[in-house]
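Down below is the structure, laid out as structure tokens.
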């Protein structure tokens with residue numbers, strides 16, 4: 001299954017099919033452009049005001065991403081219920097010290113897309129990275145800025161993400 005850019009109205013419909021925890025994860029993914037595995041590694045100490053600072057799992061580089069004030073508030077309230085050293089999104093069934101596995105959210109996302117009537121459209125959690133890239137290109141007008149933010153080495157890869165709303 002490919003990951004396809006999701007139009008805003010469809011994304012809103014998919015979000016409506018999720019519980020509040022999965023909605024929060026979705027919003028963080030859309031607003032930061034982080035990969036799902038990175039979000040699953042967020043700890044309380046990664047939050048600072050309206051930003052998230054963490055080490056990307058794939059590239060190993062440190063990156064800070066800004067959140068909207070509303071998402072930052074919701075994430076901070078959610079984090080207040082967690083121990084300082086624990087993951088913000090702990091495993092649902094295993095010991096709470098372990099992070100939620102990305103496949104759990106992946107299943108929830110695909111199920112929500114199906115429930116919203118978008119089964120077979122290629123919508124996956126990685127599609128949210130494309131949603132972020134499209135929005136960043138619209139704001140900055142610079143493909144190079146999107147490339148730097150996403151950490152791509154090849155500009156053609158960035159173009160696939162940032163121009164996916166037009167493809």
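Using 0.36 nm per residue and subtracting the Cα-Cα separation, the extra length available between residue 115 and residue 167 on full extension is 16.2 nm.
Annotation for the range 96-136 versus the range 16-49: alpha-carbon center distance of 11 Å. Using 1/(1 + (r/R0)^6) with R0 = 41 angstrom and r between the beta carbons of residue 16 and residue 156, what's the FRET efficiency to the nearest 0.05? For R0 = 41 Å, the calculated efficiency reads 0.75. The sum of -39500 (n - 2.57) across all DSSP H runs of n ≥ 4, divided by the residue count of the chain, sets its helix-only mean residue ellipticity at 222 nm to -14500 deg cm²/dmol.
Every number here is computed from the coordinates shown, using simple stated rules; none is lab data. Bear in mind that the values here come from a model prediction, so they are computed numbers and not experimental data. For neighbour counting, all protein chains shown are included, and Cβ atoms are generated from backbone atoms with ideal geometry for every residue, glycine included.
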